[in-house]
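Since the structure comes first, as structure tokens, the remarks are kept for the end.
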Amino acid sequence: MKRTGGLAVATLLLIGLAALGAHFHNAAEAAAERDESDRQAVAVARQAALALTNISAQTVDQDSQRLTALATGDFREQFAQQSTAFRDIVTGSKVTSRGEVVEAALSSSDGTTAIALAAVRATVGNAASPEGRQRQYRLRITLEKTGETWLVANLEFVP
């Protein structure tokens, strides 16, 4: 009888350990998926910051298309509505901007929406100043996950 009781306890202990192991495995897998999703959100935020700060009068249409391809919702609609004015300003003033993302990171993320902050350095020139001037920008980029893809829902300059 003692032997049967010990076997039952050992069996229950093994089942409990297996269940605990499965739980920890699932938790680790979910954390890895969240980390990958967060990395993807930051990558899209970097792309958006680059698309916004790398423009020229010669390539303004392609430059606009790059940003539009990363956008969604109201931000996409607003940018589309203002694209003609944007194009006119860039071509009329012969604007050139060459930017680089100095740093980008997530401020928050819940798996479907994320807020990223980006520090950008750009050399911006125009017809009056063709050699360009160094500018520093900080951007707050709100992202939404559509399917498996992060897209920019809002982009704003912050002081």
Reported set for region 74-114 where residues are in contact with a helix residue (DSSP H, G or I) (Cβ under 9 Å, 6 or more places away or on another chain), farther than 17 Å from Ser56 by Cβ, buried (at least 16 other Cβ atoms within 10 Å of the Cβ) and among the hydrophobic types (A, V, I, L, M, F, W, C) is Phe79, Val101, Ala104, Leu106, Ala114
Flagged in region 123-159 as surrounded by fewer than 17 Cβ atoms within 10 Å (Cβ to Cβ), touching a strand residue (DSSP E or B) at 6+ places or on another chain (Cβ under 7 Å) and of a type outside the set (Val, Ile, Thr), in numbering order, are Glu131, Gly132, Arg133, Gln134, Arg135, Gln136, Arg138, Arg140, Asn154, Glu156, Phe157
Are any of the residues in region 77-92 in contact with a strand residue (DSSP E or B) (Cβ under 9 Å, 6 or more places away or on another chain) and either of a type in the set (Ser, Thr, Tyr) or touching a residue at least 40 places away in the same chain (Cβ under 8 Å) (or both)? no
Log entry, pairs with first residue in region 53-71 being within 14 Å of Ser93 (Cα to Cα), second being of a type outside the set (D, E, K, R) and assigned to a loop (DSSP other than H, G, I, E, B), beta carbons closer than 8 Å, six or more apart or on different chains, reads Ile55/Val95; Ser56/Val95; Ala57/Ser93; Ala57/Val95
Contact list, first residue from region 108-135 and farther than 18 Å from Arg46 by Cβ, second anywhere and of a type in the set (A, V, I, L, M), beta-carbon distance below 7 Å, six or more apart or interchain, is Asn126/Val95; Gly132/Val124; Arg133/Val124
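Bear in mind that the values in this text are calculations on the coordinates, not laboratory data. Please read these numbers as outputs of a predicted model, since none were measured by experiment. Quick reminder, even Gly has a Cβ in these numbers, built from the backbone with ideal geometry, and neighbours come from all protein chains shown.
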